[in-house]
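Chemist: Take this structure, written in structure tokens, and hold onto it; I'll ask about it next.
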Amino acid sequence: MSKNILITGGSGFVGSYQVEKFSSNGYHVTIYDLMEPQYPLNDNIDFIKGDIFDTVNLKSAVEKNETVVHLVGLADASKAQSNPMLSYNLNVQSLQNLLEICRIVGNRKIIFPSSASIYGISEDLPIKENAPLKPTTIYPWHKLLCEKMLQAYQVNYGIDYVILRLFNVYGKGNEGIIGLFLDKTKKREEIQSFGPFQYRDFIYAGDVAEAVYKAVAYDKAVNRVINIGSGKGIQIREILKIICEIVPEARWKEVKSQYPLYDSIADITLAKILLDFEPHASTEFMKYVIETEMIK
């Protein structure tokens, strides 16, 4: 199989880990992004400054690569909620553009990062891939639309895919809940935690890169939907405890939430079977990443 891979949106947080993973394993990586990478490049990496809506430029990039990892999107759920058209354009329309080009070019596979948020509030834990899908806000609804589009193009035009439903990704450059906590800490502001006793499944971005890498390399993952998490729940207060251990002056308080509280933990049985996936799942490893990669 070809070792040429295109990563759209590869200059961002998740992309930086994936570019490093593929390039260090002998792949020639082409990054397609409006933003230039802020990390070092090497001889195995090309950068194309391109707009996902520039179909001529995008088609030229797709033609040279049999596999596309599609990372373009608006990952901030609150921004998606306040600006649904922006979310639609970046999350849904960008994928539609890519699918149409793959249909025209033919014989392509797309690796697509979906979101565990499409499960909504699940009563059965850990959450399996066949759990009811109950998105509640715009962002997961748009991710669900993307999954259906991929499945439709596979059935009708033979475009293969692997959908990876990511749980809470963390690592260097992440702006999620851990990033928000650390930002408050750096500013010496008190952290307000809405529901510190909730359990969440946090997955290291390097482990996500490993999953994407194996989704490309392993044929048995083709046209499957796979949970990517640590398989272990950790209470939000444990993360706050870790931050306070690393930065003794950090402080936090619980604030009553206006929204329902719930737990979210991935069942990663399928990922283990199809991808030989073995993520880091210890609080000790999370502490190491927060201290060495996320606190500067």
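The values are calculated or read from the model by the stated rules, or taken from the named source; none is laboratory data. Remember, it's a predicted structure, so these values are computed and weren't measured experimentally. Ideal geometry is used to build each Cβ from the backbone, glycine not excepted, and the neighbour counts take in all protein chains shown.
Chemist: Kindly indicate whether any position in segment 57-65 is in contact with a strand residue (DSSP E or B) (Cβ under 6 Å, 6 or more places away or on another chain), over 21 Å from Ser114 (Cα atoms) and surrounded by 15 or more Cβ atoms within 10 Å (Cβ to Cβ).
Modeler: Restricting attention to segment 57-65, the residues satisfying the condition of being in contact with a strand residue (DSSP E or B) (Cβ under 6 Å, 6 or more places away or on another chain) are 61, 65.
Within this subset, residues satisfying the condition of being over 21 Å from Ser114 (Cα atoms) are 61, 65.
From what is left, the residues that are surrounded by 15 or more Cβ atoms within 10 Å (Cβ to Cβ) are 61, 65.
Looking through segment 57-65, at least one residue is in contact with a strand residue (DSSP E or B) (Cβ under 6 Å, 6 or more places away or on another chain), over 21 Å from Ser114 (Cα atoms) and surrounded by 15 or more Cβ atoms within 10 Å (Cβ to Cβ).
Chemist: Here is a follow-up. Within segment 225-262, take every residue that is modelled with pLDDT under 95, under 25 Å from the mean Cα position of the chain (by Cα) and not aromatic (Phe, Trp, Tyr) and give me the one that is surrounded by the most Cβ atoms within 10 Å (Cβ to Cβ).
Modeler: Within segment 225-262, the match that is surrounded by the most Cβ atoms within 10 Å (Cβ to Cβ) is Leu261.
Chemist: Does Ile290 satisfy being part of a helix (DSSP H, G or I), at pLDDT 95 or above and over 21 Å from Tyr17 (Cα atoms)?
Modeler: Values: part of a helix (DSSP H, G or I): yes; at pLDDT 95 or above: yes; over 21 Å from Tyr17 (Cα atoms): no.
In short, no.
Chemist: Please name all residue pairs, on different chains or six or more residues apart, with Cβ atoms under 9 Å, provided the first residue is in segment 182-209 and is touching a residue at least 12 places away in the same chain (Cβ under 8 Å) and farther than 29 Å from Glu20 by Cα and the second residue is among the aromatic types (Phe, Trp, Tyr) and part of a helix (DSSP H, G or I).
Modeler: Taking only residues 6 or more apart or on different chains, the pairs are Ile191/Phe181; Ser193/Phe181.
Rundown of residues vs (1) under 20 Å from Ile290 (Cα atoms); (2) among the small types (Gly, Ala, Ser), yes/no style:
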| residue | (1), (2) |
| --- | --- |
| Tyr170 | yes, no |
| Ser230 | yes, yes |
| Lys241 | yes, no |
| Glu245 | yes, no |
| Val255 | no, no |
| Asp267 | no, no |
| Ala271 | no, yes |
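Chemist: List the pairs whose first member sits in segment 247-273 and is among the basic types (Lys, Arg), whose second member is exposed (fewer than 15 other Cβ atoms within 10 Å of the Cβ) and not in a loop (DSSP other than H, G, I, E, B), and whose Cβ atoms are under 8 Å apart, counting only residues at least 6 apart or on separate chains?
Modeler: If the second residue must be exposed (fewer than 15 other Cβ atoms within 10 Å of the Cβ) and not in a loop (DSSP other than H, G, I, E, B), the pairs left are Lys253/Gln192.
Chemist: Still on this structure: Kindly provide the set of residues from segment 8-49 that are in a loop (DSSP other than H, G, I, E, B), surrounded by 16 or more Cβ atoms within 10 Å (Cβ to Cβ) and touching an Asp or Glu at 6+ places or on another chain (Cβ under 7 Å), ordered by number.
Modeler: Listed by number, the residues that qualify are Gly9, Gly10, Ser11.
A quick yes/no check of all residues on (1) in contact with a His (Cβ under 8 Å, 6 or more places away or on another chain); (2) under 20 Å from Asp263 (Cβ atoms); (3) part of a loop (DSSP other than H, G, I, E, B):
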{"site": "Gly173", "(1), (2), (3)": "no, no, yes"}
{"site": "Gly179", "(1), (2), (3)": "no, no, no"}
{"site": "Leu182", "(1), (2), (3)": "no, no, no"}
{"site": "Glu189", "(1), (2), (3)": "no, no, yes"}
{"site": "Val212", "(1), (2), (3)": "no, no, no"}
{"site": "Gly231", "(1), (2), (3)": "no, yes, yes"}
{"site": "Lys241", "(1), (2), (3)": "no, yes, no"}
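Chemist: Let me ask something additional. If you go through segment 172-190, how many residues are on the phi > 0 side of the Ramachandran plot and out of contact with any Ser or Thr (no Cβ under 7 Å at 6 or more places or on another chain)? Break it down stepwise before answering.
Modeler: So in segment 172-190, the residues on the phi > 0 side of the Ramachandran plot come out as 173, 188.
From what's left, out of contact with any Ser or Thr (no Cβ under 7 Å at 6 or more places or on another chain): 188.
Residues that pass the stated criteria total 1.
Chemist: Restricting attention to segment 81-101, does a residue exist that is farther than 27 Å from Leu144 by Cα, more than 20 Å from the chain's Cα centre (by Cα) and of a type outside the set (A, V, I, L, M, F, W, C)? Give the steps one after another, and end with the answer.
Modeler: Quick first cut of segment 81-101, residues farther than 27 Å from Leu144 by Cα only: none.
No, that holds for no residue.
Chemist: Same structure again: Restricting attention to segment 199-224, which residues are of a type in the set (Val, Ile, Thr) and surrounded by 18 or more Cβ atoms within 10 Å (Cβ to Cβ)? Spell out the reasoning first.
Modeler: Looking only at segment 199-224, we keep the residues that are of a type in the set (Val, Ile, Thr), and these are 203, 208, 212, 216, 222.
Listed by number, the residues that qualify are Ile203, Val208, Val212, Val216.
Chemist: Related question: Given the conditions (1) modelled with pLDDT of 95 or more; (2) closer than 30 Å to Ile177 by Cβ; (3) surrounded by fewer than 17 Cβ atoms within 10 Å (Cβ to Cβ); (4) touching a Ser or Thr at 6+ places or on another chain (Cβ under 9 Å), which single one is not true for Met85?
Modeler: Here Met85 meets the rest and fails (4).
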